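The values are calculated or read from the model by the stated rules, or taken from the named source; none is laboratory data. All values derive from a computational prediction rather than experimental measurement. Cβ placement follows ideal geometry from the backbone for every residue including glycine, while neighbour counts extend to all protein chains displayed. Heads up: the accessible areas ignore ligands, DNA and RNA and are worked out on the full protein's heavy atoms, side chains in. Shrake-Rupley method; radii C 1.70, N 1.55, O 1.52, S 1.80 Å.
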Amino acid sequence: MNEKETKGIFVTFEGIDGSGKSTQANSLLRRVQENGFNAVLFREPGGTRISEQIRQILLNTKHTEMVAITEVLLYSAARAQLTEEMVIPGLHENDIVICDRYYDSTTAYQGYGRGINMEFINALTSEAANRIEPDLTFLVDVSVDLAEKRSSTIGKRDRIELESIEFKKKVIEGFREIAENNPNRIVILDGSEDIEQLTDIAWNKIHTLLEKEGIEIAPEGNSESI
Ligand code: ADP
Ligand code: TYD
């Protein structure tokens, strides 16, 4: 997050569908709240009235005619609304804002997966996010086989989840390359490990960052940070 007048830290979770990132995002939310910090969790695409409607359009399995450029513009539109309505206000009001996916998903799925020009993606995602950047990103990394196995237990698949194994492999490789290019921001979690163990790793990183930023639990114990 660049706007240092905001008090909170911005944390995102990324990974292929079925990696376990939503499980981790929720588990980390509980952990930070149990430790007395104010935190909120949003999901992408979604989290606002307009973004949830865009989500319906994007994930509808009947929309097989959707072209890649429409897809990237809609994901970015949903993110622009979430950023202005929820993420930025959330960072003013909370110690931590957690997002289940943010712009790395667009780079991985629409950039590496669909092959849309990366310069265009970078410019678009930066504008849509109002130039804010996550302070810390967890990439929950799994093999495509494990992700498929986990997804199959959940039931109905959305339009993107119905994509080919080839597409999903490109997305996974894309996420790994994004992590390699951003070693200071992105921490790779081995998604095949135990849920609680992964939350321990994520919480340790968050705790260190909270200390570095001087964010503490309010002494009166009402979870307001100083
Ligand atoms: P995603 O948000 O990445 O699509 P979910 O968090 O919804 O994935 O998890 C997909 C499935 O895998 C769920 O049934 C969840 O309980 C299970 N799961 C998530 N993380 C783990 C883990 N570390 N070990 C075993 N099962 C997991
Ligand atoms: P999500 O709700 O996270 O699905 P899941 O919980 O199954 O992982 O995301 C919906 C789908 O949208 C998912 O398949 C990934 C895709 N997606 C993109 O293709 N580009 C994006 O920018 C975002 C945010 C998501």
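I'm checking my understanding of the structure. Among residues of segment 159-170 that are part of a loop (DSSP other than H, G, I, E, B) and within 18 Å of the chain's Cα centre (by Cα), which one is farthest from S105 (Cα to Cα)?
Ranking the qualifying residues of segment 159-170, first place goes to E161.
In this structure, is T199 closer than 22 Å to V11 by Cα, under 15 Å from the mean Cα position of the chain (by Cα) and assigned to a helix (DSSP H, G or I)?
No; evaluated as a whole, the condition is false for this residue.
Out of E148, E180, E173, report the one residue that is within 20 Å of the chain's Cα centre (by Cα), more than 26 Å from R31 (Cα to Cα) and at pLDDT below 95.
E148
Residues R150, R101, R79, R159: which one is touching a His at 6+ places or on another chain (Cβ under 8 Å) and touching a residue at least 24 places away in the same chain (Cβ under 8 Å)?
Step by step, each of R150, R101, R79, R159 is checked, and only R159 is touching a His at 6+ places or on another chain (Cβ under 8 Å) and touching a residue at least 24 places away in the same chain (Cβ under 8 Å).
How about segment 90-152: which helices (runs of 4 or more DSSP H) wholly inside it have at least 2 residues that are buried (at least 24 other Cβ atoms within 10 Å of the Cβ)?
Fully inside segment 90-152 and qualifying: 103-106.
Those residues that are away from ligand 2 (no atom under 14 Å from the Cβ) and under 30 Å from K7 (Cβ atoms), I need them from segment 139-181; list them, please.
A179, N181 - these are the residues of segment 139-181 that are away from ligand 2 (no atom under 14 Å from the Cβ) and under 30 Å from K7 (Cβ atoms).
Could you check, for segment 59-80, whether at least one of its residues is within 15 Å of the chain's Cα centre (by Cα) and more than 10 Å from ligand 2 (Cβ to nearest atom)?
Yes: one or more hits.
In segment 169-208, what count of residues is obtained for those that are among the polar types (S, T, N, Q), within 30 Å of G115 (Cα to Cα) and open to solvent by less than 80 Å² (accessible area, probe 1.4 Å)?
The total comes to 2.
On the given criteria, is T83 closer than 22 Å to I121 by Cα, open to solvent by less than 10 Å² (accessible area, probe 1.4 Å) and more than 10 Å from ligand 2 (Cβ to nearest atom)?
Judged against the criteria, T83 is a match.
Residues checked against (1) surrounded by 20 or more Cβ atoms within 10 Å (Cβ to Cβ); (2) of a type in the set (A, V, I, L, M, F, W, C):
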| residue | (1), (2) |
| --- | --- |
| G36 | no, no |
| L41 | yes, yes |
| G47 | yes, no |
| I54 | yes, yes |
| T61 | no, no |
| V72 | yes, yes |
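Being of a type in the set (D, E, K, R) and open to solvent by less than 30 Å² (accessible area, probe 1.4 Å): is that true of E14 here?
yes
Restricted to segment 1-60, and to residues that are aliphatic (A, V, I, L, M) and assigned to a loop (DSSP other than H, G, I, E, B), which residue is farthest from ligand 1 (Cβ to nearest atom)?
Filtering first and then ranking leaves M1.
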